[in-house]
Amino acid sequence: MTTEPPPPPDDDPFHKPPDEDPFRKQPPPEQGGGSPYGTPPSGAPGAGSPYGAAPPPPGGGAPYGGDPYGGGPYNNDPLAGMPPLADSGKRVLARIIDMVLVVIVVWLLTWGFGVNEYDVDTDKIQYGKSFGQSLIALLLYVGYDTFLTTRSGQTLGKKWLHLRVANLDNGSTPSVQTSLVRALVLWVPFAFCCACVWTAIAGGWSFFDKPYKQGLHDKAAKTVVVSTG
C-alpha cells in the first residue's frame, strides 16, 4: 500500500507545472558547431580541458548566477528575457483599484453581520476600531491577492492596467507560498495598525528602489512587477 499522496487534479488553479508556465524564462540556446563534446576552439576560455568545461566566473559564482537574490540561473541579469518593469504610478493605480474592490466587499460583509468600524453614541462619540472588521479585511485582502497572483500573476487591478507579478529569478508566475508571503507583508500591517502609512511606505518603495523597482512586499517575496502591454 503506497503512502504517496494522489496527484493534484488537472483543474487545480494552484498546481501549475513549471514547464507549462508561458511566462517562465527559457535557458539560452546551445551554441552549435565544434566538437560533439563541446570543446571550445583554441584560445577560448576552458580550451585546456578535454571536455570543454569553462572555468567559473571571478568570485567563484555559478556561470549564470550573480544577482542579489541568488537567482538568475540563465543570465547575470535576472531581468534578461522579461518584459519591462512596470511603471510605479500604474502600480499604485492598480493597487487602489484592488483596495476599492475589496473595501466594497468588506463593507457589505461587516454591514450584514453588524460589525461596525466605529461605535457612535448619541451623547458621546467613541471611536473604537473593530477587531472583527480588521480580521475580515485581512482575510479578504490576503485571499484575493494570493489566489489571483498564484493563478496568473494578476489581480483585477493589474489585469486591467496590463501589469503582472513575476518571480525575479526566472520570470514565472509566483507559487502559492511566494504569493502568500507577498500578501501578508503588505496586508497584515495595513489591517491592524498603520494602514495609510504602511501602504505608502511598502508600495511607494518602488519609486526609489534600484534596479528592480520593488516594493517592500516584493523584496520579501523576491518578485517584481512587469508590464504586459
Would you point out the residue of region 185-229, among those that are aliphatic (A, V, I, L, M) and out of contact with any helix residue (DSSP H, G or I) (no Cβ under 9 Å at 6 or more places or on another chain), that is modelled with the highest pLDDT?
-> V226
Flag for T110 being at pLDDT 90 or above and among the β-branched types (V, I, T) | no
Count, please, the residues in region 185-216 that happen to be under 15 Å from R164 (Cβ atoms) and in a helix (DSSP H, G or I).
-> 1
For residues that are out of contact with any strand residue (DSSP E or B) (no Cβ under 8 Å at 6 or more places or on another chain), in a helix (DSSP H, G or I) and either open to solvent by less than 10 Å² (accessible area, probe 1.4 Å) or among the polar types (S, T, N, Q) (or both), tally how many sit in region 168-181.
-> 1
Consider L186 carefully, then state whether it is closer than 18 Å to I96 by Cβ, among the aliphatic types (A, V, I, L, M) and touching a Phe, Trp or Tyr at 6+ places or on another chain (Cβ under 6 Å).
-> no
What's the number of the condition C193 fails, among (1) surrounded by fewer than 19 Cβ atoms within 10 Å (Cβ to Cβ); (2) in contact with a strand residue (DSSP E or B) (Cβ under 9 Å, 6 or more places away or on another chain)?
-> (2)
Single residue of region 117-167 satisfying the filter (in a loop (DSSP other than H, G, I, E, B), at pLDDT below 95 and among the polar types (S, T, N, Q)) that is least open to solvent (accessible area, probe 1.4 Å) = S130
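The values are calculated or read from the model by the stated rules, or taken from the named source; none is laboratory data. No experiment lies behind these values; they were computed from the predicted model shown. Cβ sites come from the backbone with ideal geometry, for glycine too, and all protein chains shown count toward neighbours. Heavy atoms of the whole protein, side chains included, go into the accessibility calculation; ligands, DNA and RNA do not. Shrake-Rupley method; radii C 1.70, N 1.55, O 1.52, S 1.80 Å.
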